[in-house]
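Quick notes on the structure that follows.
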Amino acid sequence: MQTLITWCGLAGVQEWVCCPGGRNAAMLKALSLCSGLKLWTHFDERAAAFFALGRMQDTARPVAVSVTSGTAAAELLPAVIEAYYQGRPLIVVTADRPSAFSGTGAPQSIEQRNIFGIYASACELEYPVSAASLPDLESQVAAGRPVHINIHLPEPRLDDVCPPFSSPVAEAPPLPPFRSSLSDLSRMLQFRAQEGLALLLGGLEPEEQEPALWLAKTLRVPILADATSGLREEEELSPHVLHDGDAVLSSCPPPFVLRVGDVPAGRFWRDLEALPRTEVFSISRTGFSGLARPSHVVQGDLDAVLRVLGDVPHVGDTLNLRRFSHRREALIEDLILTYPESEAALTRTLSLQACLGNRIFLGNSSPVRLWNLYAQRQLPVYYVRANRGANGIEGLLATFLGNAAAGGEAWCFLGDLSALYDANAGLLHRQLPRGKRVVAVLNNHGGGIFRSLQGGDSLTDEMERLLVQPHDLDMQALADLWGARALRLCCSADFELLDQLGDEDFALAEIVPDAEQTEAFNRRMAETK
(Lines give C-alpha, C1' and ligand atoms only; values in the text may rest on other atoms or scores of the structure.)
Protein backbone atom coordinates (compact mmCIF):
# COMPACT_ATOMS: atom_id res chain seq x y z
CA MET A 1 0.00 0.00 0.00
CA GLN A 2 2.88 2.35 0.73
CA THR A 3 4.10 1.87 -2.82
CA LEU A 4 0.75 2.88 -4.31
CA ILE A 5 0.34 5.88 -2.00
CA THR A 6 3.84 7.09 -2.84
CA TRP A 7 3.18 6.55 -6.55
CA CYS A 8 0.06 8.71 -6.33
CA GLY A 9 2.03 11.39 -4.48
CA LEU A 10 4.58 11.52 -7.28
CA ALA A 11 1.70 12.20 -9.69
CA GLY A 12 0.60 15.19 -7.58
CA VAL A 13 -1.94 13.61 -5.21
CA GLN A 14 -1.87 15.44 -1.87
CA GLU A 15 -5.44 14.73 -0.70
CA TRP A 16 -7.36 11.50 -0.24
CA VAL A 17 -11.06 11.06 0.50
CA CYS A 18 -11.47 7.85 2.48
CA CYS A 19 -14.66 5.78 2.69
CA PRO A 20 -14.90 3.07 5.37
CA GLY A 21 -14.94 -0.62 4.50
CA GLY A 22 -13.43 -3.94 5.42
CA ARG A 23 -11.77 -4.76 2.12
CA ASN A 24 -9.96 -1.40 1.91
CA ALA A 25 -9.10 -1.30 5.63
CA ALA A 26 -5.42 -1.98 4.90
CA MET A 27 -5.34 1.01 2.55
CA LEU A 28 -6.96 3.21 5.19
CA LYS A 29 -4.42 2.03 7.78
CA ALA A 30 -1.52 2.86 5.46
CA LEU A 31 -2.99 6.29 4.73
CA SER A 32 -3.44 6.97 8.44
CA LEU A 33 0.28 6.30 9.01
CA CYS A 34 1.44 8.48 6.11
CA SER A 35 2.58 12.02 6.84
CA GLY A 36 2.35 14.81 4.30
CA LEU A 37 -1.19 14.02 3.10
CA LYS A 38 -4.58 15.58 3.84
CA LEU A 39 -7.21 12.94 4.59
CA TRP A 40 -10.96 13.52 4.41
CA THR A 41 -13.58 10.89 5.19
CA HIS A 42 -17.25 10.24 4.47
CA PHE A 43 -19.46 7.17 4.66
CA ASP A 44 -21.25 7.76 1.32
CA GLU A 45 -19.00 6.92 -1.62
CA ARG A 46 -21.05 8.97 -4.09
CA ALA A 47 -20.84 12.16 -2.01
CA ALA A 48 -17.19 11.49 -1.17
CA ALA A 49 -16.26 11.35 -4.85
CA PHE A 50 -18.08 14.60 -5.59
CA PHE A 51 -16.33 16.21 -2.62
CA ALA A 52 -13.05 15.11 -4.22
CA LEU A 53 -14.22 16.71 -7.47
CA GLY A 54 -14.80 19.97 -5.61
CA ARG A 55 -11.32 19.79 -4.13
CA MET A 56 -9.91 19.38 -7.64
CA GLN A 57 -11.89 22.40 -8.84
CA ASP A 58 -10.37 24.42 -6.01
CA THR A 59 -6.77 23.20 -6.11
CA ALA A 60 -6.26 22.17 -9.77
CA ARG A 61 -4.56 19.01 -8.46
CA PRO A 62 -5.55 15.33 -8.72
CA VAL A 63 -7.39 13.91 -5.70
CA ALA A 64 -7.77 10.22 -4.83
CA VAL A 65 -10.76 8.38 -3.37
CA SER A 66 -10.43 5.04 -1.56
CA VAL A 67 -13.46 2.72 -1.29
CA THR A 68 -14.18 -0.89 -0.41
CA SER A 69 -15.33 -3.69 -2.72
CA GLY A 70 -18.71 -4.54 -4.22
CA THR A 71 -21.18 -1.83 -5.20
CA ALA A 72 -19.08 0.80 -3.42
CA ALA A 73 -17.17 1.08 -6.70
CA ALA A 74 -20.40 1.64 -8.63
CA GLU A 75 -21.31 4.58 -6.35
CA LEU A 76 -18.34 6.46 -7.80
CA LEU A 77 -19.57 6.37 -11.39
CA PRO A 78 -21.51 9.70 -11.40
CA ALA A 79 -18.51 11.67 -10.13
CA VAL A 80 -16.15 9.86 -12.49
CA ILE A 81 -18.40 10.83 -15.41
CA GLU A 82 -18.51 14.44 -14.22
CA ALA A 83 -14.71 14.50 -13.84
CA TYR A 84 -14.31 13.04 -17.35
CA TYR A 85 -16.31 15.84 -18.95
CA GLN A 86 -14.64 18.49 -16.81
CA GLY A 87 -11.19 17.17 -17.72
CA ARG A 88 -10.15 16.49 -14.10
CA PRO A 89 -7.94 13.52 -13.11
CA LEU A 90 -10.00 11.99 -10.31
CA ILE A 91 -8.15 8.89 -9.10
CA VAL A 92 -10.43 6.20 -7.69
CA VAL A 93 -8.83 3.32 -5.82
CA THR A 94 -11.27 0.46 -5.35
CA ALA A 95 -10.57 -2.58 -3.20
CA ASP A 96 -11.66 -5.92 -4.64
CA ARG A 97 -11.80 -9.53 -3.57
CA PRO A 98 -9.13 -11.89 -4.98
CA SER A 99 -9.36 -12.56 -8.72
CA ALA A 100 -10.68 -16.09 -8.11
CA PHE A 101 -14.00 -14.61 -6.95
CA SER A 102 -14.60 -12.86 -10.27
CA GLY A 103 -17.89 -13.97 -11.83
CA THR A 104 -18.86 -16.17 -8.86
CA GLY A 105 -21.53 -13.97 -7.31
CA ALA A 106 -19.86 -14.42 -3.92
CA PRO A 107 -20.65 -11.85 -1.20
CA GLN A 108 -19.03 -8.44 -1.69
CA SER A 109 -17.96 -9.50 -5.16
CA ILE A 110 -19.00 -7.82 -8.40
CA GLU A 111 -17.22 -7.37 -11.73
CA GLN A 112 -15.16 -4.27 -10.94
CA ARG A 113 -12.78 -4.57 -13.88
CA ASN A 114 -13.45 -1.71 -16.33
CA ILE A 115 -16.59 -0.78 -14.42
CA PHE A 116 -16.27 2.86 -15.51
CA GLY A 117 -16.00 2.08 -19.23
CA ILE A 118 -14.73 4.95 -21.34
CA TYR A 119 -14.83 7.39 -18.44
CA ALA A 120 -11.62 6.22 -16.73
CA SER A 121 -8.43 4.47 -17.73
CA ALA A 122 -8.31 1.17 -15.82
CA CYS A 123 -5.54 -0.67 -14.03
CA GLU A 124 -5.78 -4.04 -12.24
CA LEU A 125 -3.34 -4.70 -9.39
CA GLU A 126 -2.62 -7.81 -7.35
CA TYR A 127 -1.50 -7.75 -3.74
CA PRO A 128 1.23 -7.10 -2.75
CA VAL A 129 1.57 -4.15 -5.10
CA SER A 130 4.86 -3.86 -6.98
CA ALA A 131 6.13 -0.67 -8.58
CA ALA A 132 6.48 -2.47 -11.92
CA SER A 133 2.70 -3.10 -12.07
CA LEU A 134 1.66 0.52 -11.42
CA PRO A 135 0.19 2.61 -14.25
CA ASP A 136 1.80 5.71 -15.74
CA LEU A 137 -0.18 8.04 -13.50
CA GLU A 138 1.74 11.15 -14.47
CA SER A 139 0.72 10.96 -18.12
CA GLN A 140 -2.89 10.18 -17.17
CA VAL A 141 -3.01 13.19 -14.85
CA ALA A 142 -1.46 15.38 -17.56
CA ALA A 143 -4.20 14.22 -19.94
CA GLY A 144 -6.83 15.41 -17.45
CA ARG A 145 -8.78 12.16 -17.35
CA PRO A 146 -9.96 9.99 -14.41
CA VAL A 147 -8.01 6.87 -13.44
CA HIS A 148 -9.42 3.68 -11.90
CA ILE A 149 -7.03 1.50 -9.87
CA ASN A 150 -8.63 -1.77 -8.76
CA ILE A 151 -6.66 -3.79 -6.19
CA HIS A 152 -7.38 -7.46 -5.49
CA LEU A 153 -6.81 -7.92 -1.76
CA PRO A 154 -6.83 -10.89 0.65
CA GLU A 155 -9.01 -11.03 3.75
CA PRO A 156 -8.47 -7.81 5.71
CA ARG A 157 -6.19 -7.75 8.76
CA LEU A 158 -5.52 -4.71 10.89
CA ASP A 159 -2.88 -6.29 13.16
CA ASP A 160 -0.17 -6.36 10.49
CA VAL A 161 2.81 -4.19 11.42
CA CYS A 162 3.03 -1.09 9.23
CA PRO A 163 5.58 1.55 10.23
CA PRO A 164 4.86 5.26 9.70
CA PHE A 165 6.16 6.69 6.46
CA SER A 166 6.15 9.89 4.44
CA SER A 167 4.91 10.32 0.89
CA PRO A 168 6.56 12.87 -1.39
CA VAL A 169 4.06 15.06 -3.22
CA ALA A 170 5.07 16.42 -6.61
CA GLU A 171 3.53 19.24 -8.56
CA ALA A 172 0.73 18.11 -10.84
CA PRO A 173 1.99 17.77 -14.42
CA PRO A 174 0.72 20.50 -16.77
CA LEU A 175 -1.71 19.91 -19.61
CA PRO A 176 -0.32 19.80 -23.15
CA PRO A 177 -0.09 23.29 -24.75
CA PHE A 178 -2.75 22.65 -27.39
CA ARG A 179 -3.93 20.27 -30.08
CA SER A 180 -5.58 20.78 -33.47
CA SER A 181 -4.91 23.31 -36.21
CA LEU A 182 -5.49 27.06 -35.72
CA SER A 183 -5.72 27.82 -39.43
CA ASP A 184 -9.54 27.78 -39.70
CA LEU A 185 -9.94 29.95 -36.61
CA SER A 186 -7.28 32.39 -37.80
CA ARG A 187 -8.87 32.75 -41.26
CA MET A 188 -12.29 33.38 -39.72
CA LEU A 189 -10.99 36.09 -37.37
CA GLN A 190 -8.87 37.83 -40.01
CA PHE A 191 -11.14 37.72 -43.04
CA ARG A 192 -14.77 36.94 -42.10
CA ALA A 193 -15.48 38.02 -38.52
CA GLN A 194 -16.72 41.42 -39.74
CA GLU A 195 -19.80 39.63 -41.09
CA GLY A 196 -20.87 39.14 -37.47
CA LEU A 197 -19.20 37.41 -34.52
CA ALA A 198 -20.27 36.70 -30.95
CA LEU A 199 -17.93 35.55 -28.17
CA LEU A 200 -19.31 32.97 -25.73
CA LEU A 201 -17.41 32.65 -22.44
CA GLY A 202 -18.13 29.38 -20.65
CA GLY A 203 -16.54 28.19 -17.43
CA LEU A 204 -12.90 29.24 -17.14
CA GLU A 205 -10.09 28.12 -14.88
CA PRO A 206 -8.45 30.98 -12.92
CA GLU A 207 -5.40 30.94 -15.18
CA GLU A 208 -7.64 31.23 -18.25
CA GLN A 209 -9.40 34.41 -17.17
CA GLU A 210 -6.63 36.86 -18.05
CA PRO A 211 -6.07 35.61 -21.62
CA ALA A 212 -9.86 35.39 -22.14
CA LEU A 213 -10.19 38.99 -20.93
CA TRP A 214 -7.47 40.09 -23.37
CA LEU A 215 -9.22 38.33 -26.25
CA ALA A 216 -12.59 39.87 -25.39
CA LYS A 217 -11.17 43.40 -25.05
CA THR A 218 -9.35 43.04 -28.36
CA LEU A 219 -12.23 41.65 -30.41
CA ARG A 220 -14.84 44.04 -28.92
CA VAL A 221 -17.64 41.80 -30.16
CA PRO A 222 -20.88 41.07 -28.28
CA ILE A 223 -20.21 38.72 -25.37
CA LEU A 224 -22.41 36.12 -23.73
CA ALA A 225 -20.60 35.39 -20.46
CA ASP A 226 -21.57 32.60 -18.09
CA ALA A 227 -21.12 33.36 -14.41
CA THR A 228 -18.62 30.50 -14.24
CA SER A 229 -16.30 32.42 -16.56
CA GLY A 230 -15.57 34.82 -13.69
CA LEU A 231 -15.82 37.65 -16.22
CA ARG A 232 -19.57 38.24 -16.32
CA GLU A 233 -19.30 41.31 -14.09
CA GLU A 234 -15.90 42.50 -15.38
CA GLU A 235 -16.12 46.29 -15.71
CA GLU A 236 -13.83 46.41 -18.76
CA LEU A 237 -16.23 44.12 -20.64
CA SER A 238 -19.49 45.77 -19.60
CA PRO A 239 -19.86 47.71 -22.90
CA HIS A 240 -19.83 44.41 -24.76
CA VAL A 241 -21.65 41.93 -22.47
CA LEU A 242 -25.18 41.06 -23.60
CA HIS A 243 -28.07 41.08 -21.15
CA ASP A 244 -30.38 38.12 -21.70
CA GLY A 245 -27.84 37.13 -24.32
CA ASP A 246 -29.50 33.81 -25.11
CA ALA A 247 -32.66 35.59 -26.28
CA VAL A 248 -30.68 38.27 -28.13
CA LEU A 249 -28.51 35.80 -30.05
CA SER A 250 -31.40 33.44 -30.79
CA SER A 251 -33.41 36.29 -32.31
CA CYS A 252 -30.47 37.41 -34.45
CA PRO A 253 -27.98 34.54 -34.85
CA PRO A 254 -24.53 35.74 -35.92
CA PRO A 255 -22.72 34.05 -38.81
CA PHE A 256 -19.87 33.11 -36.44
CA VAL A 257 -19.60 32.10 -32.79
CA LEU A 258 -16.35 31.72 -30.88
CA ARG A 259 -16.69 29.81 -27.63
CA VAL A 260 -13.91 29.97 -25.06
CA GLY A 261 -13.95 27.65 -22.03
CA ASP A 262 -16.52 25.05 -21.01
CA VAL A 263 -19.78 24.40 -22.83
CA PRO A 264 -22.12 27.30 -21.95
CA ALA A 265 -25.16 26.61 -19.78
CA GLY A 266 -27.56 28.87 -21.67
CA ARG A 267 -30.28 28.13 -24.17
CA PHE A 268 -28.54 29.65 -27.19
CA TRP A 269 -25.87 26.95 -27.18
CA ARG A 270 -28.59 24.32 -27.58
CA ASP A 271 -30.29 26.43 -30.25
CA LEU A 272 -27.07 26.24 -32.29
CA GLU A 273 -27.95 22.66 -33.17
CA ALA A 274 -30.71 24.03 -35.39
CA LEU A 275 -28.66 26.95 -36.77
CA PRO A 276 -26.35 25.38 -39.37
CA ARG A 277 -25.60 28.77 -40.93
CA THR A 278 -23.83 29.84 -37.74
CA GLU A 279 -20.30 28.46 -37.86
CA VAL A 280 -18.99 27.55 -34.41
CA PHE A 281 -15.39 27.68 -33.22
CA SER A 282 -14.27 26.55 -29.75
CA ILE A 283 -11.10 26.88 -27.68
CA SER A 284 -11.51 24.43 -24.83
CA ARG A 285 -9.30 22.89 -22.16
CA THR A 286 -11.28 19.64 -22.37
CA GLY A 287 -11.64 19.41 -26.14
CA PHE A 288 -15.37 18.59 -26.14
CA SER A 289 -17.33 20.31 -28.89
CA GLY A 290 -20.60 20.33 -26.94
CA LEU A 291 -22.53 19.99 -30.20
CA ALA A 292 -23.90 17.11 -32.25
CA ARG A 293 -23.16 18.96 -35.49
CA PRO A 294 -19.78 19.77 -37.05
CA SER A 295 -17.73 22.57 -35.51
CA HIS A 296 -14.11 23.63 -35.14
CA VAL A 297 -12.44 22.72 -31.82
CA VAL A 298 -8.99 23.61 -30.55
CA GLN A 299 -8.08 21.80 -27.32
CA GLY A 300 -5.51 23.01 -24.85
CA ASP A 301 -4.11 25.87 -22.80
CA LEU A 302 -5.85 29.12 -23.72
CA ASP A 303 -2.79 31.30 -23.21
CA ALA A 304 -0.69 29.03 -25.43
CA VAL A 305 -3.37 29.01 -28.13
CA LEU A 306 -3.63 32.80 -28.18
CA ARG A 307 0.15 33.21 -28.32
CA VAL A 308 0.32 31.03 -31.42
CA LEU A 309 -2.76 32.67 -32.92
CA GLY A 310 -0.96 36.01 -32.87
CA ASP A 311 -2.59 39.34 -33.66
CA VAL A 312 -6.37 39.40 -33.29
CA PRO A 313 -8.36 42.11 -35.11
CA HIS A 314 -10.78 44.61 -33.59
CA VAL A 315 -14.13 43.40 -34.95
CA GLY A 316 -16.81 45.22 -33.00
CA ASP A 317 -20.59 44.82 -32.87
CA THR A 318 -21.21 44.67 -36.60
CA LEU A 319 -24.76 43.32 -36.16
CA ASN A 320 -25.69 45.97 -33.57
CA LEU A 321 -26.72 43.29 -31.09
CA ARG A 322 -26.11 45.57 -28.14
CA ARG A 323 -29.15 47.62 -29.19
CA PHE A 324 -31.37 44.58 -28.60
CA SER A 325 -29.49 43.84 -25.39
CA HIS A 326 -30.27 47.30 -23.95
CA ARG A 327 -33.97 46.63 -24.47
CA ARG A 328 -33.74 43.30 -22.65
CA GLU A 329 -31.77 44.89 -19.83
CA ALA A 330 -34.43 47.58 -19.35
CA LEU A 331 -37.18 44.95 -19.40
CA ILE A 332 -35.42 42.80 -16.77
CA GLU A 333 -34.89 45.75 -14.43
CA ASP A 334 -38.53 46.79 -14.79
CA LEU A 335 -39.84 43.28 -14.12
CA ILE A 336 -37.60 42.80 -11.07
CA LEU A 337 -39.13 45.94 -9.57
CA THR A 338 -42.64 44.89 -10.59
CA TYR A 339 -42.38 41.34 -9.22
CA PRO A 340 -40.05 41.64 -6.19
CA GLU A 341 -40.88 38.18 -4.83
CA SER A 342 -40.36 36.25 -8.07
CA GLU A 343 -37.53 33.75 -8.53
CA ALA A 344 -35.67 36.28 -10.66
CA ALA A 345 -35.93 39.13 -8.15
CA LEU A 346 -34.94 36.96 -5.17
CA THR A 347 -31.98 35.65 -7.18
CA ARG A 348 -30.88 39.25 -7.73
CA THR A 349 -31.19 39.97 -4.01
CA LEU A 350 -29.21 36.84 -3.11
CA SER A 351 -26.45 37.78 -5.56
CA LEU A 352 -26.00 41.16 -3.86
CA GLN A 353 -25.08 39.29 -0.67
CA ALA A 354 -23.13 36.39 -2.18
CA CYS A 355 -20.88 38.60 -4.31
CA LEU A 356 -19.10 39.67 -1.12
CA GLY A 357 -17.84 36.12 -0.49
CA ASN A 358 -14.72 34.35 -1.72
CA ARG A 359 -16.49 31.56 -3.62
CA ILE A 360 -19.83 30.91 -5.26
CA PHE A 361 -21.09 27.51 -6.41
CA LEU A 362 -24.17 27.28 -8.62
CA GLY A 363 -26.45 24.28 -8.93
CA ASN A 364 -27.50 23.00 -12.33
CA SER A 365 -30.83 23.60 -14.04
CA SER A 366 -32.69 26.59 -12.57
CA PRO A 367 -30.05 28.16 -10.26
CA VAL A 368 -27.25 28.58 -12.81
CA ARG A 369 -29.66 29.89 -15.44
CA LEU A 370 -31.33 32.29 -13.03
CA TRP A 371 -27.93 33.54 -11.93
CA ASN A 372 -26.68 34.09 -15.47
CA LEU A 373 -29.79 36.08 -16.31
CA TYR A 374 -30.56 38.07 -13.18
CA ALA A 375 -27.61 38.23 -10.77
CA GLN A 376 -26.00 41.60 -10.05
CA ARG A 377 -23.36 42.94 -12.44
CA GLN A 378 -21.80 45.78 -10.45
CA LEU A 379 -19.23 43.88 -8.37
CA PRO A 380 -16.83 41.39 -9.98
CA VAL A 381 -16.99 37.75 -8.82
CA TYR A 382 -14.02 35.79 -10.15
CA TYR A 383 -14.51 32.41 -8.42
CA VAL A 384 -17.79 30.88 -9.58
CA ARG A 385 -18.06 27.13 -10.08
CA ALA A 386 -20.69 24.71 -11.30
CA ASN A 387 -20.70 21.10 -12.43
CA ARG A 388 -21.31 20.25 -16.05
CA GLY A 389 -24.56 18.63 -15.01
CA ALA A 390 -24.54 15.24 -16.71
CA ASN A 391 -27.26 14.70 -14.11
CA GLY A 392 -28.75 18.01 -13.04
CA ILE A 393 -28.97 17.31 -9.31
CA GLU A 394 -26.07 14.91 -8.76
CA GLY A 395 -23.55 15.61 -5.97
CA LEU A 396 -23.91 19.39 -5.96
CA LEU A 397 -23.71 20.03 -2.22
CA ALA A 398 -20.71 17.73 -1.88
CA THR A 399 -18.92 19.47 -4.75
CA PHE A 400 -19.62 22.86 -3.17
CA LEU A 401 -18.17 21.78 0.15
CA GLY A 402 -15.09 20.49 -1.65
CA ASN A 403 -14.68 23.96 -3.13
CA ALA A 404 -15.34 25.60 0.23
CA ALA A 405 -12.76 23.55 2.15
CA ALA A 406 -10.12 26.25 1.59
CA GLY A 407 -11.85 28.42 4.20
CA GLY A 408 -13.22 31.94 3.96
CA GLU A 409 -16.75 32.88 2.93
CA ALA A 410 -18.47 30.61 0.42
CA TRP A 411 -22.00 30.60 -1.01
CA CYS A 412 -23.98 27.90 -2.76
CA PHE A 413 -27.24 28.30 -4.72
CA LEU A 414 -29.19 25.06 -5.21
CA GLY A 415 -32.67 23.88 -6.05
CA ASP A 416 -34.72 22.11 -3.41
CA LEU A 417 -34.56 18.66 -5.03
CA SER A 418 -30.79 19.04 -5.46
CA ALA A 419 -30.38 19.72 -1.75
CA LEU A 420 -32.58 16.78 -0.78
CA TYR A 421 -30.84 14.43 -3.21
CA ASP A 422 -27.44 15.21 -1.68
CA ALA A 423 -28.72 15.56 1.87
CA ASN A 424 -26.04 13.56 3.71
CA ALA A 425 -23.22 15.55 2.08
CA GLY A 426 -23.89 18.41 4.48
CA LEU A 427 -22.25 16.33 7.22
CA LEU A 428 -18.90 16.85 5.47
CA HIS A 429 -18.97 20.42 6.73
CA ARG A 430 -17.83 19.27 10.17
CA GLN A 431 -14.37 18.45 8.76
CA LEU A 432 -13.89 21.80 7.04
CA PRO A 433 -11.82 24.63 8.52
CA ARG A 434 -13.59 27.60 10.00
CA GLY A 435 -15.40 29.91 7.65
CA LYS A 436 -18.78 31.36 6.75
CA ARG A 437 -20.76 29.11 4.43
CA VAL A 438 -24.29 29.67 3.17
CA VAL A 439 -26.32 27.11 1.23
CA ALA A 440 -29.20 28.98 -0.40
CA VAL A 441 -31.95 26.58 -1.45
CA LEU A 442 -34.53 27.79 -3.96
CA ASN A 443 -37.62 26.00 -2.71
CA ASN A 444 -40.26 26.00 -5.42
CA HIS A 445 -41.64 22.75 -4.01
CA GLY A 446 -40.31 20.38 -6.65
CA GLY A 447 -38.69 20.37 -10.05
CA GLY A 448 -40.19 23.65 -11.20
CA ILE A 449 -37.94 23.81 -14.24
CA PHE A 450 -39.91 20.98 -15.85
CA ARG A 451 -42.93 23.25 -16.08
CA SER A 452 -40.94 25.35 -18.57
CA LEU A 453 -40.87 22.45 -21.05
CA GLN A 454 -43.14 22.73 -24.04
CA GLY A 455 -46.59 21.76 -22.76
CA GLY A 456 -45.35 21.89 -19.16
CA ASP A 457 -47.90 24.54 -18.21
CA SER A 458 -50.78 22.08 -18.59
CA LEU A 459 -49.63 18.92 -16.83
CA THR A 460 -52.12 16.40 -15.54
CA ASP A 461 -52.08 15.69 -11.82
CA GLU A 462 -50.40 12.36 -12.47
CA MET A 463 -47.71 13.93 -14.68
CA GLU A 464 -47.18 16.61 -12.04
CA ARG A 465 -46.60 13.86 -9.47
CA LEU A 466 -44.26 11.87 -11.71
CA LEU A 467 -42.28 14.70 -13.30
CA VAL A 468 -42.25 17.68 -10.94
CA GLN A 469 -42.14 15.68 -7.70
CA PRO A 470 -44.12 18.26 -5.69
CA HIS A 471 -43.48 18.28 -1.93
CA ASP A 472 -44.21 20.26 1.21
CA LEU A 473 -41.02 19.35 3.06
CA ASP A 474 -39.64 21.74 5.65
CA MET A 475 -35.98 22.60 5.10
CA GLN A 476 -35.57 23.09 8.86
CA ALA A 477 -35.11 19.32 9.22
CA LEU A 478 -32.30 19.38 6.66
CA ALA A 479 -30.57 22.20 8.51
CA ASP A 480 -30.88 20.24 11.76
CA LEU A 481 -29.22 17.22 10.12
CA TRP A 482 -26.29 19.36 9.01
CA GLY A 483 -26.01 21.31 12.27
CA ALA A 484 -26.67 24.49 10.31
CA ARG A 485 -28.71 27.60 11.08
CA ALA A 486 -32.01 27.67 9.21
CA LEU A 487 -33.31 30.89 7.62
CA ARG A 488 -36.48 31.35 5.60
CA LEU A 489 -36.40 34.14 3.01
CA CYS A 490 -39.61 35.08 1.19
CA CYS A 491 -39.03 38.74 0.32
CA SER A 492 -36.13 41.15 0.00
CA ALA A 493 -36.55 42.36 3.60
CA ASP A 494 -35.99 38.82 4.87
CA PHE A 495 -32.50 38.82 3.36
CA GLU A 496 -31.43 41.15 6.16
CA LEU A 497 -31.27 37.95 8.26
CA LEU A 498 -28.13 37.06 6.32
CA ASP A 499 -26.42 40.14 7.75
CA GLN A 500 -26.69 38.56 11.21
CA LEU A 501 -24.51 35.58 10.25
CA GLY A 502 -21.05 35.46 11.76
CA ASP A 503 -17.74 34.72 10.06
CA GLU A 504 -17.90 31.06 11.13
CA ASP A 505 -21.62 30.32 10.65
CA PHE A 506 -22.97 27.50 8.50
CA ALA A 507 -26.48 28.35 7.30
CA LEU A 508 -29.21 26.89 5.12
CA ALA A 509 -31.14 29.82 3.66
CA GLU A 510 -34.45 28.60 2.26
CA ILE A 511 -35.62 30.96 -0.49
CA VAL A 512 -39.36 30.72 -1.12
CA PRO A 513 -40.47 32.70 -4.19
CA ASP A 514 -44.04 33.67 -4.91
CA ALA A 515 -45.32 31.26 -7.57
CA GLU A 516 -47.79 33.73 -9.11
CA GLN A 517 -45.18 36.49 -9.38
CA THR A 518 -42.71 34.04 -10.92
CA GLU A 519 -45.25 32.94 -13.51
CA ALA A 520 -46.14 36.54 -14.37
CA PHE A 521 -42.46 37.50 -14.64
CA ASN A 522 -41.68 34.60 -16.97
CA ARG A 523 -44.76 35.27 -19.07
CA ARG A 524 -43.78 38.91 -19.59
CA MET A 525 -40.23 37.88 -20.53
CA ALA A 526 -41.55 35.40 -23.10
CA GLU A 527 -44.10 37.81 -24.57
CA THR A 528 -41.54 40.52 -25.29
CA LYS A 529 -38.92 38.44 -27.10
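The table below gives the values:
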| item | result |
| --- | --- |
| Cα lying deepest toward the dipole's positive end in region 190-286, options 278, 258, 231, charges on Cβ | 278 |
| List 289, 282, ordered by accessible area with a 1.4 Å probe, largest first | 289, 282 |
| Amide hydrogen neighbours beyond the local backbone of residue 298, cut-off 5 Å, H modeled | 282, 283, 284 |
| Under 13 Å, Cβ to Cβ, from residue 493 - net charge with Lys/Arg +1 and Asp/Glu -1 | -3 |
| Residue-count net charge about residue 132 - beta-carbon cut-off 14 Å; Lys, Arg +1, Asp, Glu -1 | -3 |
| Distant-in-sequence amide H partners of residue 318 (H built 1.01 Å from N, under 5 Å) | 197 |
| Computed label-point distance, nm, for sites residue 143 and residue 434 using a 7 Å Cα→Cβ extension | 4.5 nm |
| Cα gyration tensor shape for region 286-349, rounded if a/c is under 1.5, else prolate or oblate | prolate |
| For region 92-107, 3J(HN,Hα) per residue [Karplus equation, 6.51 cos²θ - 1.76 cosθ + 1.60, θ = phi - 60°, Hz, x = Gly/Pro] | 10, 10, 9, 7, 9, 6, x, 4, 4, 7, 4, x, 8, x, 5, x |
| For region 335-438, the Rg and Dmax computed from alpha carbons only, in angstrom | 13.6, 43 |
| Residue-wise HN-Hα coupling along region 120-134, computed from phi with Karplus coefficients 6.51, -1.76, 1.60 (Hz; x: Gly, Pro) | 8, 6, 10, 9, 9, 10, 9, 8, x, 7, 10, 4, 5, 8, 6 |
| Mean Cβ neighbour count within 10 Å, used as a protection proxy, ranking 355-365, 262-272 highest first | 355-365, 262-272 |
| CD proxy at 222 nm, helix term only [per DSSP H run n ≥ 4: -39500 (n - 2.57); per residue of the chain; nearest 500] | -9000 deg cm²/dmol |
| Residue among 321, 518, 417 farthest towards the positive dipole end of the chain, charges placed on Cβ | 321 |
| Kyte-Doolittle mean at least -1.0, axial Cα span of 20 Å or more - DSSP H helices of the chain | 45-59, 206-219, 321-338 |
| Mean separation of Cα contacts under 8 Å, 6 or more apart, over the residue count of the chain: relative contact order % | 14 percent |
| Heavy atoms of residue 409: accessible area, 1.4 Å probe, square angstrom to 10 | 40 Å² |
| Estimated FRET transfer efficiency (residue 71, residue 524; beta-carbon r; R0 45 Å; 0.05) | 0.40 |
| Under the Karplus curve 6.51 cos²θ - 1.76 cosθ + 1.60, θ = phi - 60°, whole-Hz ³J(HN,Hα) for region 255-271, x wherever Gly or Pro sits | x, 9, 10, 10, 9, 10, x, 5, 4, x, 8, x, 5, 4, 4, 5, 5 |
| Full-extension gain in nm, residue 106 to residue 130, via 0.36 nm per residue minus C-alpha separation | 5.9 nm |
| Percent breakdown of C-alpha pair distances by 20 Å bin, ordered from the shortest bin, for the chain | 22, 52, 25, 2 |
| Extension gain (nm, one decimal) between residue 292 and residue 271, 0.36 nm per residue minus Cα-Cα | 6.4 nm |
| Computed magnitude of the charge dipole of region 374-529 (debye, nearest 20; Cβ of K, R +1, Cβ of D, E -1) | 700 debye |
| Simple Cβ-charge dipole of the chain, Lys/Arg +1 and Asp/Glu -1, about Cα centre, in debye nearest 20 | 1100 debye |
| Surface accessible to a 1.4 Å probe, residue 68 within the full protein complex, Å² | 20 Å² |
| Accessible carbon and sulfur surface of the chain relative to its total accessible area, %, 1.4 Å | 52 percent |
| 13 Å beta-carbon shell around residue 234, net charge (K/R +1, D/E -1) | -2 |
| Overall form of region 1-137 per C-alpha gyration tensor (a/c, 1.5; a/b vs b/c) | rounded |
| Accessible area per residue in Å² at 1.4 Å probe, computed on the chain | 41 Å² |
| Separation in nanometres of the label points that stand 7 Å from Cα toward Cβ, at residue 214 and residue 445 | 5.3 nm |
| Relative contact order (%) - criterion: Cα under 8 Å, at least six apart; region: region 1-60 | 38 percent |
| Amide H partners (placed H, <5 Å) of residue 489, local residues excluded | 510, 511, 512 |
| Extended-chain gain in nm, criterion 0.36 nm per residue less alpha-carbon gap, residue 504 and residue 467 | 9.5 nm |
| For region 415-479, size of Cβ-based charge dipole, Lys and Arg +1, Asp and Glu -1, in debye | 640 debye |
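The values are calculated or read from the model by the stated rules, or taken from the named source; none is laboratory data. Remember, predicted model here, so these are calculated numbers, not experimental data. Here Cβ is always computed from backbone atoms with ideal geometry, including for glycine, and neighbour counts include all displayed protein chains. Just so you know, the surface numbers come from the protein's heavy atoms only, side chains and all, with ligands and any DNA or RNA stripped out. Shrake-Rupley method; radii C 1.70, N 1.55, O 1.52, S 1.80 Å.
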